[in-house]
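Below you'll find the structure, written out as structure tokens, and then a few comments.
The values are calculated or read from the model by the stated rules, or taken from the named source; none is laboratory data. This structure is a prediction, so every number in the text was calculated from the model and none was measured. Here Cβ is always computed from backbone atoms with ideal geometry, including for glycine, and neighbour counts include all displayed protein chains.
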Amino acid sequence: MSVDVEFGVLGPVEVRHRGAAVALGGVRPRTVLALLLCADGHPVGDERLIDALWGDDPPDRARARLHTTVSRLRASLGDVGARLRREPAGYRLVVEPGELDLHRAEHLLHRARAARGATEASELLREALACWRGPGLADLADLPGTEASGLAADRVRFDALAHTVRAELLDAELAAGHHHEVLPDAERAAAADPLRERPHLQLATALSRAGRSVDALAVLRGYRARLADEAGLDPSTELGTLEAAVLAQQEEAPPRAPPSRSPTATLHGRDAELAETRRLLGLARVVTLVGAGGVGKTRVARAAAAAEAGRTVAVCELDGVPEAGAVACAVADALGFPSLDAAGQALGSADRLLLLDDCEHLLDAAADAVARLLASCPGVTVLATSREALGLPEEHVLALGTLALPDSDDPASVRRSPAARLLAERAEACGARLDLDADAAAVATLCRRLDGLPLALELAAVRLRSLTPEEVLEHLDRRLRLLRRTGTSGPARHRSLDAAVAWSHDRLPDPTRRFFARLGVFAGRFTADHAHAVAGDDDLLATVDHLDRLVAASMITVHQRAGRTWYALLATIRRFARDRLEERGELQAVRDRWVDSVLAAAVDARDRMVHAWPVDLLVTLQNLHTDVADALRWCVAHDEGPDRALPLFVPMCSVLKNRSAMPVAELGDVVLRRWPDSSGRSRAEAAAAAAVAHVLRGSAERGAALAHEALAGSSPLAGVNARRALFFRARMTGRDDDALRWAEEALEVAAAHAMTPWHNELLTFRAIALAATGRLREALEQVEAAHRAAPALGSPALVAWAGAVRGCLLAADDPRAGRAASDGAARACEEVDYPIGAGVSRRTLGALALRDGALDEARDHLRRALDAYSGLGYASEVALSLRWLARLAHVSDRPGPADLLYRAGGAARGDVVEDVLRPTDPDRPAGPPPPLTEALALARSL
């Protein structure tokens, strides 16, 4: 990297500007500059600068003399002097990337560790070593205040870094086969560090590979004797392995086997986390895997350690360590030394990986031990597991989530799921046989109920010895007692889910435990404001503090979307919290506050969605829909009147864009039938929302009845939504003139009441109806208007949907333009989680590919369309997609599957792709439609 300004601390302090050395003056300006450079861009306070300049004997008016010294330094720096700034916390020097030799050396070292081969690594390490012009801060060694100011520690740090670079350069050269060339450097390194093991291992390796086995043995035995005489220590097993290899006259020692460990199950679904852990271990000195109890931190850490090649691994399990004072001894013992001090003296910069398992119950002591180890052993890397981060400056934290769940109840989806595979594997290990095909639906439900939490799945697997998956599901609600080990092996906190959660819960302060229990009423995700309304009895800042503590303890999860943070509890942890709330006698009161908070959010969402569909509103509705459903059931069971339930249900119409219509339709019926004599705006709007859900799920007549009921009210929102339901029903029954009329009436209502996003969506509905009635040019003009206007409305879903309809309509006259537009729209719909639009675009692309004879491409698009609609449970769209797959089977000369799929597709109408591209079908087969499950299985097999 070419820079105009170069700062140097790896040697005498210096500044070069455009290649020319800058005269810095006497020792005091150079001292100030050194402190500012070592502060790495942070301000340095006056007191520290005064300590560095004069030590324990500062002169009178020391602060004024300091300012004079800084002024002299700024003047000597010339144009660069403007970077030396006075701030409230002290003086700060702005250093750009690549300007400081220390930063260049560190960057080159990191690149070398990630290099693709030994030769590339050697080149980078030689370039890094060239950054040193002598000992760090060489011209400031004898200042009176070096200790107090920290410059002495900086000098030690720079020398340790140089030692690390030299050691890694030797390793890289040996790996590249340059054993003859490195002998002089290896001999100097061993002589300079007579009690450090790594240089002696390197020297012995070089000698052995150069054919000098006798000399290699002399180096190893001499080091062993010196270590015993002067430090009273034994060398590592690595030295013994090399010694045995030399004795056997092997050219090089065999790879060191990882430490013996108890057998573990296959690591399912953790490839990405394992790869990221290994990547971080190449970059950072401390990597901490955090996550909820039972999420599998230890298993991932052990797999990462087992994958280490060429580096000695030590394992320290803190689970059995009783108190903080014993942690340092446990760490030292794992490394093979009587104390951390002894480990620091003996290891030096030797390359080691320490796996420090289960830190959470002794967090401060573990962090202190790791900090001491890092300071004395620059070659040691620590891989820790904990429910909380250690809080060290060098630490990189990787949070582990739960295992991926089945996408559907389909056997193929279940077999692909890591959660289901783990359950099946552990069941077999316990003597049970789990049939993932026959039990697919129950297994998928069980995995979802257990959140994909590995410990919960393993505990459930034990029960499958004596219960079917369905029976385990029936008993799950009986608190967490079902999921416990019957034996006594393994850590106590892993013998039941109660114990796993209690391990973290019992370490929380009592106010946070009370707060956590109250969160048990939430069914889905919630914000800090929601939590404060339900669980907080202090100010909002106290609520934020409680949430932060729970996140740190891996008791709640965090999701951030559209500029807001949403929190959630895993189902197992939520049940634990709810039990604690019941024990406290607060369940009824907190539940009531929770219903009121959900109601307030629902009313706010309803008022906002009338006039705008911004991203944050759609995210809110998606995150709240589970709590809304639970709150509705609570109201139906406990409220005398519908004042809370009806407004709660109204926003549910918005989740139909990417959620199943069936539960919305059923909830609507529960609420409306609970209070059949209710009336008013909320009643009409709830009926209209339920009408849309019923039509989409396939119960069109019930939907039409509710829509007409809603039309009798005076609410514009109910009027628009009811007409949307009747539009869908008319399309499904082939009454396209009626569909056009309903779309136009809804457009008039939306325009009259400034319901802008609804108006934009209804333009596309009118375009669809126009195309169905043969008025394609008008349809295209209408959809182009909607597509142009959509971006200004702030709703990516509207943009994606308008793009999907536009792509289909374009394909009628210009297949190439239609294909390009549909491809872009499909990706946009999938990106914003809008499966309805994705299905239309994928069906258009499949139809075009089918017409062109590109059968593999058609199959891929049509299958993805079917998957989109199957996940939503939209009956008519599933049938229409099956009909396109029937055409694919027919063209592929598969008459049997074509017959079955045609019959499954039935006589449903309303496919804009059929209306526009107007395919010619063979004679329709007769006979009753086959079971839908059979048709779906066949369609996916195509």
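Just for helices (runs of 4 or more DSSP H) wholly inside segment 837-920: which have at least 2 residues that are over 27 Å from residue 770 (Cβ atoms) and within 41 Å of the chain's Cα centre (by Cα)? Please lay out each step first, then the result.
Working: elements: 855-872, 875-891, 895-905, 912-917.
Filter on segment 837-920 gives 855-872, 875-891, 895-905.
So residue 67 passes all but one of these: (1) free of Cβ contacts under 8 Å to residues at least 12 places away in the same chain; (2) touching a Gly at 6+ places or on another chain (Cβ under 8 Å); (3) not polar (S, T, N, Q). Which condition number does it fail?
(2)
Just a yes or no: is a residue in segment 597-610 surrounded by fewer than 21 Cβ atoms within 10 Å (Cβ to Cβ) and of a type in the set (Val, Ile, Thr)?
yes
For segment 193-229, how many residues are more than 24 Å from residue 176 (Cα to Cα) and of a type in the set (A, V, I, L, M, F, W, C)?
Adding up the residues that qualify gives 5.
What number of residues within segment 835-882 are surrounded by fewer than 22 Cβ atoms within 10 Å (Cβ to Cβ), modelled with pLDDT of 90 or more and of a type in the set (Gly, Ala, Ser)?
Number of matching residues: 3.
For residue 413, only one of the following conditions fails: (1) exposed (fewer than 14 other Cβ atoms within 10 Å of the Cβ); (2) part of a helix (DSSP H, G or I). What is its number?
Of the numbered conditions (1) exposed (fewer than 14 other Cβ atoms within 10 Å of the Cβ); (2) part of a helix (DSSP H, G or I), the odd one out for residue 413 is (1).
Just name the residue that is surrounded by the fewest Cβ atoms within 10 Å (Cβ to Cβ) out of those in segment 677-730 that are among the hydroxyl-bearing types (Ser, Thr, Tyr) and under 24 Å from residue 752 (Cβ atoms).
Applying the first criterion (among the hydroxyl-bearing types (Ser, Thr, Tyr)) to segment 677-730 yields 678-679, 682, 699, 714-715.
With under 24 Å from residue 752 (Cβ atoms) added as a condition, the list becomes 679, 682, 714-715.
On the way: 679: 11, 682: 23, 714: 9, 715: 23.
Among those that are among the hydroxyl-bearing types (Ser, Thr, Tyr) and under 24 Å from residue 752 (Cβ atoms), it is 714.
In segment 802-817, which residues are of a type in the set (A, V, I, L, M, F, W, C) and not in a helix (DSSP H, G or I)?
Of all residues in segment 802-817, those of a type in the set (A, V, I, L, M, F, W, C) come to 802, 804-805, 808-812, 817.
If the condition is that a residue be of a type in the set (A, V, I, L, M, F, W, C) and not in a helix (DSSP H, G or I), then 811, 812 are the ones that fit.
Collect the residues in segment 380-410 that are more than 21 Å from residue 358 (Cβ to Cβ) and crowded, with 22+ Cβ neighbours inside 10 Å, keeping them in residue-number order. Step through it out loud before you land on a result.
Pass one, segment 380-410, residues more than 21 Å from residue 358 (Cβ to Cβ): 393, 404-410.
Result: 406, single match.
Sort out which residues of segment 436-452 are assigned to a helix (DSSP H, G or I) and more than 25 Å from residue 569 (Cβ to Cβ), and write them in order of number.
Initial filter on segment 436-452 (assigned to a helix (DSSP H, G or I)): 440-449.
440, 441, listed by residue number.
For residues that are free of Cβ contacts under 8 Å to residues at least 40 places away in the same chain, within 17 Å of residue 757 (Cβ to Cβ) and surrounded by fewer than 20 Cβ atoms within 10 Å (Cβ to Cβ), tally how many sit in segment 776-825.
The total comes to 5.
Might you let me know whether segment 667-677 holds any residue that is touching a residue at least 24 places away in the same chain (Cβ under 8 Å), part of a loop (DSSP other than H, G, I, E, B), touching a Gly at 6+ places or on another chain (Cβ under 8 Å) and not assigned by TED's automatic domain parsing to the domain that holds residue 877?
Yes, some residue in segment 667-677 is touching a residue at least 24 places away in the same chain (Cβ under 8 Å), part of a loop (DSSP other than H, G, I, E, B), touching a Gly at 6+ places or on another chain (Cβ under 8 Å) and not assigned by TED's automatic domain parsing to the domain that holds residue 877.
So if I check each of 881, 876, which one is closer than 16 Å to residue 906 by Cα, out of contact with any strand residue (DSSP E or B) (no Cβ under 8 Å at 6 or more places or on another chain), small (Gly, Ala, Ser) and touching a residue at least 60 places away in the same chain (Cβ under 8 Å)?
Values: 881 fails: touching a residue at least 60 places away in the same chain (Cβ under 8 Å).
Testing whether each residue is closer than 16 Å to residue 906 by Cα, out of contact with any strand residue (DSSP E or B) (no Cβ under 8 Å at 6 or more places or on another chain), small (Gly, Ala, Ser) and touching a residue at least 60 places away in the same chain (Cβ under 8 Å) leaves just 876.
Which of the residues belonging to segment 372-414 are aliphatic (A, V, I, L, M), over 30 Å from residue 444 (Cβ atoms) and out of contact with any strand residue (DSSP E or B) (no Cβ under 9 Å at 6 or more places or on another chain)? Before the answer, list the steps.
First, pick out the residues of segment 372-414 that are aliphatic (A, V, I, L, M): 373-375, 380, 382-384, 389-390, 392, 397-400, 403-405, 412, 414.
Retained after the next criterion (residues that are over 30 Å from residue 444 (Cβ atoms)): 373-375, 380, 382-384, 389-390, 392, 397.
Of everything in segment 372-414, just one residue is aliphatic (A, V, I, L, M), over 30 Å from residue 444 (Cβ atoms) and out of contact with any strand residue (DSSP E or B) (no Cβ under 9 Å at 6 or more places or on another chain), namely 375.
Given 604, 627, which one is without any contact (Cβ under 8 Å) to a residue 24 or more places away in the chain and within 31 Å of the chain's Cα centre (by Cα)?
Details: 627 fails: without any contact (Cβ under 8 Å) to a residue 24 or more places away in the chain.
Checking each option against the conditions leaves just 604.
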